[in-house]
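Q: To start, I am sharing the structure in question, which I have written as structure tokens.
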Amino acid sequence: MTRVLSIFLIFGVLIISTLNVHTAVANDTEHLSALSFDESLSAYQYPYEVSRYRFSSQGESLEMAYMYLAPKTLAVGSVMLLHGKNFNGAYWKETANMLHEMGFGVVIPDQIGFGKSSKPIDYQYSFEALAQNTKGLLEHLHIDSVHVIGHSMGGMLAARFALLYPNLTQKVTLLNPLGLENYLRYVEYKDIDFFYQRELTLTADRVRNYQKTYYYDGEWNEEFEALAAPLLGWVNGPDWNKLAKVSARVYDMIFTGPVVEEFKYFEMPANLIIGTRDRTGPGRHWKRVGVDYELGRYDQLGIAIKKHSPNVNVIELGDYGHAPQIENFEVFRNALQSIL
């Protein structure tokens, strides 16, 4: 009996350790579906010390949470990692470790509306506004140039940042970014309230099923579950109504802030890393009448980018989905090191 109890307790500790969650657990049988986080993820532990950059934007007093690993040698420079819509800065841990071991400084912000940062409801969320906020963070840290790496929605932000602030951007690398297609060419425009109502129906199971299908080719494991934990906890948490409003405004930004046609104007080395199994296609369920274009064919988008933006270096990672840095870090690391 004692041996069985010990094994049971160890298993419970392993689950908590995997999630990196600082939260009281009612008993060792608590399932991840019962996770609950407030809007600031105050009970969710990040891998490094979290600092706050305080500033004013659009008449709001805001705080941008960020992690910063100082460079081991100033000659190497700094890299900034920009997260996707369904993530926060914490999921960059393995990439940040690699970069820091190479000597780079690493800046990992949570954008306004995400992670541990402020989440104003009436804010005009745009890639231009987020880029300006991020520029302010770099100035706050006295960093005058960075290699910008953005994943998913963060790829759209990285592209806009590089276009707005070429003097600050040494290189730009987009990892399975959204926005490799101008979505409103193919889909109907939807009001913010449309996305708000959709977000209110979101459940933990729907989050899992979406990520399982589009990110991981039908696979799911403890690591993927742990990385989804912040979003799962929000959906189950007390502030989801407010967070759903913020999420709706972010969706509007993704549809109304296209940047792909401007890739040809990059003034710095630009790279695109694509897991070609990715099929992420926002708006595919409300395409315009008569449109038979298939959204989200990342196995074809690299070729399309090379045609209209030959200045972009395209690296294709076969048989990986929307988050290759999570699916197979070694494959992603090899691609990134070839760029670095």
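The values are calculated or read from the model by the stated rules, or taken from the named source; none is laboratory data. Since the structure is predicted, the reported quantities are computational estimates derived from the model, not experimental observations. All Cβ positions, glycine included, derive from the backbone under ideal geometry; neighbour counts span all protein chains shown.
Q: Filter the range 125-144 down to the residues that are part of a loop (DSSP other than H, G, I, E, B) and β-branched (Val, Ile, Thr) and list them by number. Let's see the steps before the verdict.
A: Just the residues of the range 125-144 that are part of a loop (DSSP other than H, G, I, E, B), to begin with: 125-126, 141-144.
Hit for the range 125-144 is Ile143, nothing else.
Q: Scanning the range 190-206 for residues that are of a type outside the set (D, E, K, R) and free of Cβ contacts under 8 Å to residues at least 60 places away in the same chain, which turns out surrounded by the fewest Cβ atoms within 10 Å (Cβ to Cβ)?
A: By that ranking, first place goes to Thr201.
Q: Sticking with this structure for a sec: For Tyr53, only one of the following conditions fails: (1) among the aromatic types (Phe, Trp, Tyr); (2) over 18 Å from the mean Cα position of the chain (by Cα); (3) assigned to a helix (DSSP H, G or I); (4) at pLDDT 95 or above. What is its number?
A: Status for Tyr53: all satisfied but (3).
Q: Report the residue count in the range 145-201 for those that are of a type in the set (A, V, I, L, M) and either part of a helix (DSSP H, G or I) or modelled with pLDDT under 95 (or both). Spell out the reasoning first.
A: In the first step, residues of the range 145-201 are kept if they are of a type in the set (A, V, I, L, M); the result is 146, 148-149, 153, 156-159, 162-164, 168, 172, 174-175, 178, 180, 184, 187, 192, 200.
From what is left, the residues that are either part of a helix (DSSP H, G or I) or modelled with pLDDT under 95 (or both) are 153, 156-159, 162-164, 184, 192, 200.
Number of matching residues: 11.
Q: Is it the case that Lys85 is of a type in the set (D, E, K, R), within 29 Å of Tyr298 (Cβ to Cβ) and assigned to a loop (DSSP other than H, G, I, E, B)?
A: Numbers: of a type in the set (D, E, K, R): yes; within 29 Å of Tyr298 (Cβ to Cβ): yes; assigned to a loop (DSSP other than H, G, I, E, B): yes.
Yes.
Q: Hey, can you tell me all the residues within the range 114-124 that are under 20 Å from Ile149 (Cβ atoms) and small (Gly, Ala, Ser)?
A: Selection gives Gly115, Ser117.
Q: Yes or no: the range 152-160 includes at least one residue that is in contact (Cβ under 8 Å) with a residue 60 or more places away in the chain, surrounded by fewer than 19 Cβ atoms within 10 Å (Cβ to Cβ) and over 16 Å from His322 (Cβ atoms). Full working, then the answer.
A: Of the range 152-160, the ones in contact (Cβ under 8 Å) with a residue 60 or more places away in the chain are 152-160.
Remaining after also requiring surrounded by fewer than 19 Cβ atoms within 10 Å (Cβ to Cβ): none.
No, because not a single residue in the range 152-160 is in contact (Cβ under 8 Å) with a residue 60 or more places away in the chain, surrounded by fewer than 19 Cβ atoms within 10 Å (Cβ to Cβ) and over 16 Å from His322 (Cβ atoms).
Q: Return yes when Leu231 is part of a helix (DSSP H, G or I), modelled with pLDDT of 95 or more and over 21 Å from Gly150 (Cα atoms) and no when it is not. Before you say what the answer is, go through the steps one by one.
A: On the way: part of a helix (DSSP H, G or I): yes; modelled with pLDDT of 95 or more: yes; over 21 Å from Gly150 (Cα atoms): no.
Taking the combined requirement at face value, the residue does not satisfy it.
Q: When you go through (1) more than 17 Å from the chain's Cα centre (by Cα); (2) at pLDDT 95 or above; (3) of a type in the set (A, V, I, L, M) one by one for Leu340, which number turns out not to apply?
A: (2)
Q: While we're here: So how many residues does the range 253-275 have that are part of a helix (DSSP H, G or I) and touching a Lys or Arg at 6+ places or on another chain (Cβ under 8 Å)? Break it down into steps so the answer makes sense when it comes.
A: At the first step, the residues of the range 253-275 found to be part of a helix (DSSP H, G or I) are 253-256, 260-265.
Next cut, touching a Lys or Arg at 6+ places or on another chain (Cβ under 8 Å) only: 254-255.
Number of matching residues: 2.
Q: Take Pro71 and tell me if it is within 22 Å of His142 (Cα to Cα), touching a strand residue (DSSP E or B) at 6+ places or on another chain (Cβ under 7 Å), in a loop (DSSP other than H, G, I, E, B) and of a type outside the set (Phe, Trp, Tyr). I'd like the intermediate steps shown before the answer.
A: Details: within 22 Å of His142 (Cα to Cα): yes; touching a strand residue (DSSP E or B) at 6+ places or on another chain (Cβ under 7 Å): yes; in a loop (DSSP other than H, G, I, E, B): yes; of a type outside the set (Phe, Trp, Tyr): yes.
So Pro71 passes the test.
Q: Pick out the one residue from Gly103, Gly89 that is closer than 24 Å to Val331 by Cα and either of a type in the set (Phe, Trp, Tyr) or in contact (Cβ under 8 Å) with a residue 40 or more places away in the chain (or both).
A: Details: Gly103 fails: either of a type in the set (Phe, Trp, Tyr) or in contact (Cβ under 8 Å) with a residue 40 or more places away in the chain (or both).
Just one listed residue meets the conditions, Gly89.
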